[in-house]
Amino acid sequence: MSTDHLVVFTPSGKRGRFPTGTPVLSAARKLGVDLDSVCGGRGICSKCQVAPAFGEFSKHGVSSREDALSDWNKVEARYDEKRGLKPGRRLGCQAEIRGDVVIDVPAESQVHRQIVRKAASARVIEMDPATRLYFVEVQEPDMHEPSGDFERLAAALKREWGIERLEADLSVMARLQPILRKGKWQVTAALHRDHGGGAHRLTALFPGLHETGIYGLAIDLGSTTIAAHLTNLDTGEVVASSGIMNPQIRFGEDLMSRVSYSMMNEGGADEMTRAVREAIDTLALEIAKEAGIEAELIVETVFVCNPVMHHLLLGIDPVELGQAPFALATSDAMHLTARELGLDALRPTAQIYVLPCIAGHVGADAAAVALSEEPGKSDDLVLVVDVGTNAEILLGDRSRVLACSSPTGPAFEGAQISSGQRAAAGAIEAIRIDPETKEPRFRVIGCDLWSDEPGFHDAVGENGITGICGSGIIEAVAELRIAGLMDPSGLIGSPEQTGTSRSVADGRTWQYMIWDASETGGPRISVTQGDVRAIQLAKSALYAGARLLMDERGVDKVDRVVLAGAFGAHISPKHAMVLGMIPDVPLDKVTSAGNAAGTGARIALCNISARAEIERVVREITKVETAIEPRFQEHFVAANAIPHKTDPFPELRAVVDLPETGFGASSDRPAGRRRRRG
């Protein structure tokens, strides 16, 4: 009969028998239990903390006594004195098995710990980054056994961690010897592994035990903005998020204008590449400073971007993307270093991963949305719309996923709007217009009060209302339609037609005045006829793209809609449907995914398996090219009406009573809150 002791690990449920004196960490490794360790069992990193449970566990068939583990030793006592261990915790590398025992591995001690992607869904990211830390003791040089310091480091990693092959760039090799000697032959190595196999690559080396973490950047490189999330590669925590305007805007506000700039100006592509790389360097330094870390601790970066941004980031002239057949230089994922990409703010060996593109006009950002939202795993037919200067649209379920891009332009982001601005403090982000009095009330970023609520003016001040952002202009145009201030063609009515003096002459057309602080030197914020036309063009392109995918699937309806994009979380589903931005569905079937492309980038940053997964998925997505599809133009023209010329939108009309023709009032308005602003 075996005298070995039964050990059960929770929550995995893995179990096995081990002889007296076996360290808990060793037992966990033999069973394949997900128990972390950076120091290799030396009792200095604290990653392998476990919580033994004592008592009768009939479910596991174990009677776990308090003497089932060895007593505290000096290593644990010293660690507890210096840094503290939670009550009941032990270090798995120090606690030895003495009897049958149940041992829980806390979430923070798991190598592949899971983190919640966002509160709106149950989706989690399993932490398994491509770059990890390994603490080793390297044998000192010996004249009788000649070998290089790098070879002895590789031997230590093989001996202690089972790493078979190691490679390193010359820049790392140049710093190897002083770091080994500073650490007295104890060092922490940051090793990167490629999901396609091959050798581990040494990207950074730290003297002694490195405990301040390593970090990665998930960057969504958009046409208008560059958004970055600085992520702790050990915990998955986003320690800082920031964004800046894409400086390429000065070369053209949309993608095709930038392609044209490259065509018309010798060296134009190189100029745009330099501009965006300098902006990324600036952003990396700023976000590191915000998080209180050195930029050199950023050892990995994942990029997602549309095809034109993809080529300009990589230093490839995008000229072929401006003409049929819209050929990419490469559609595969890219594996680079910061040195190759010309990013000076990061250490030269920092690893760069660029997600694959789907096709000529559907880029790595759409691939990231597919990774984040997983339309190919949906039981119902889902339409995912990533709203931006160049909208990416996915339609699919378990049977098939289709994708297209649609040139919406920058209007949804507040550009080309007379009073438009970025989503910053003071920008109108939400608005309601009373259908009877035609008076507006609104809310600005940075203040929770509506403009007709007590204390609003004190909270924002006369000059605290600065303009209107993307979500605000969407709601404003939709509210004009709901309140009968604008007809189905998008024409704003005169004071006589609308019954309000807020309809103000603007040349040969009319504009609706939301806010006028000109007497005190403040801004005049209105919705002009030109603003309405800009929104109409943008929303028509978006809707036409969605309808084109629906045609390809042979359907007239989708089951649900997911709005994504930098401001997707702020778009009101009702107002989006009143505009005709999206196909008609029940309002409760319209949800927000926030910046899904950025989330997809973070998933790829935190989980190496996700990279292989998205590379497989993009090969299975069917691409639909809007630029050469005649039906796109047909859908676009019909979608110019608000909400649409031919689609009846029955789900919308069940909750919103839109004036059918001319100007009139809607009954979809709760009682109260109908005071005129004084």
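The values are calculated or read from the model by the stated rules, or taken from the named source; none is laboratory data. These numbers were taken from a predicted model, which means no experiment stands behind them. Ideal geometry is used to build each Cβ from the backbone, glycine not excepted, and the neighbour counts take in all protein chains shown. Ligands, DNA and RNA are stripped out before the accessible areas are found, and what is left, the full protein with its side chains, is counted by its heavy atoms. Shrake-Rupley method; radii C 1.70, N 1.55, O 1.52, S 1.80 Å.
General observations
- Annotation: of all residues in the stretch 116-134 being touching a Cys at 6+ places or on another chain (Cβ under 6 Å) and not in a strand (DSSP E or B), the one that is modelled with the highest pLDDT is Pro129.
- Whichever residue in the stretch 527-546 is crowded, with 22+ Cβ neighbours inside 10 Å and not aliphatic (A, V, I, L, M) and, among such residues, is nearest to Ala403 (Cα to Cα): Gly545
- Counting the residues of the stretch 53-63 that are of a type outside the set (A, V, I, L, M, F, W, C), under 13 Å from Leu6 (Cα atoms) and part of a strand (DSSP E or B) gives 1.
- Residue check for Glu300: charged (D, E, K, R), within 24 Å of the chain's Cα centre (by Cα), surrounded by fewer than 22 Cβ atoms within 10 Å (Cβ to Cβ) and outside any loop (DSSP other than H, G, I, E, B): no
- Residue-level check: of (1) among the aliphatic types (A, V, I, L, M); (2) in contact with a strand residue (DSSP E or B) (Cβ under 7 Å, 6 or more places away or on another chain); (3) free of Cβ contacts under 8 Å to residues at least 40 places away in the same chain; (4) open to solvent by 60 Å² or more (accessible area, probe 1.4 Å), Ala199 misses just (4).
- Scanning the stretch 150-172 for residues that are open to solvent by 70 Å² or more (accessible area, probe 1.4 Å) and part of a helix (DSSP H, G or I) yields a total of 4.
- Of all the residues in the stretch 284-339, those that are touching a Gly at 6+ places or on another chain (Cβ under 7 Å), closer than 19 Å to Ile614 by Cα and free of Cβ contacts under 8 Å to residues at least 40 places away in the same chain number 1.
- Of all residues in the stretch 430-449 being open to solvent by 40 Å² or more (accessible area, probe 1.4 Å) and of a type in the set (Asp, Glu), the one that is nearest to Arg524 (Cα to Cα): Asp448
- Leading residue by the ranking (nearest to Ile535 (Cα to Cα)) among those in the stretch 450-497 that are touching a strand residue (DSSP E or B) at 6+ places or on another chain (Cβ under 7 Å) and surrounded by fewer than 17 Cβ atoms within 10 Å (Cβ to Cβ): Ser494
- Residue check, Ala534 at pLDDT 95 or above and assigned to a helix (DSSP H, G or I): no
- Only a single criterion out of (1) modelled with pLDDT under 90; (2) within 20 Å of Val444 (Cβ to Cβ); (3) of a type in the set (Gly, Ala, Ser) is not satisfied by Gly565, namely (2).
- Enumeration of residues in the stretch 498-516 that are outside any helix (DSSP H, G or I) and either within 34 Å of the chain's Cα centre (by Cα) or surrounded by 15 or more Cβ atoms within 10 Å (Cβ to Cβ) (or both): Gly499, Thr500, Arg502, Ser503, Val504, Asp506, Trp510, Gln511, Tyr512, Met513, Ile514, Trp515
Residue by residue, here is whether (1) closer than 16 Å to Val105 by Cβ; (2) of a type outside the set (Lys, Arg); (3) in contact with a Leu (Cβ under 8 Å, 6 or more places away or on another chain) holds:
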site: Gly21; (1), (2), (3): no, yes, no
site: Val33; (1), (2), (3): yes, yes, no
site: Gly40; (1), (2), (3): no, yes, no
site: Ser46; (1), (2), (3): yes, yes, yes
site: Gln49; (1), (2), (3): yes, yes, yes
site: Ala53; (1), (2), (3): yes, yes, no
site: His60; (1), (2), (3): yes, yes, no
site: Glu66; (1), (2), (3): no, yes, no
site: Glu81; (1), (2), (3): no, yes, no
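- Residue within the stretch 358-371 that is surrounded by fewer than 20 Cβ atoms within 10 Å (Cβ to Cβ) and in a helix (DSSP H, G or I) present: no
- Lone qualifier among Val24, Val101, Val33 - being touching a residue at least 60 places away in the same chain (Cβ under 8 Å), surrounded by 21 or more Cβ atoms within 10 Å (Cβ to Cβ) and over 25 Å from Tyr134 (Cβ atoms): Val101
- In the stretch 243-286, residue most open to solvent (accessible area, probe 1.4 Å) [restricted to those that are assigned to a helix (DSSP H, G or I) and among the acidic types (Asp, Glu)]: Glu278
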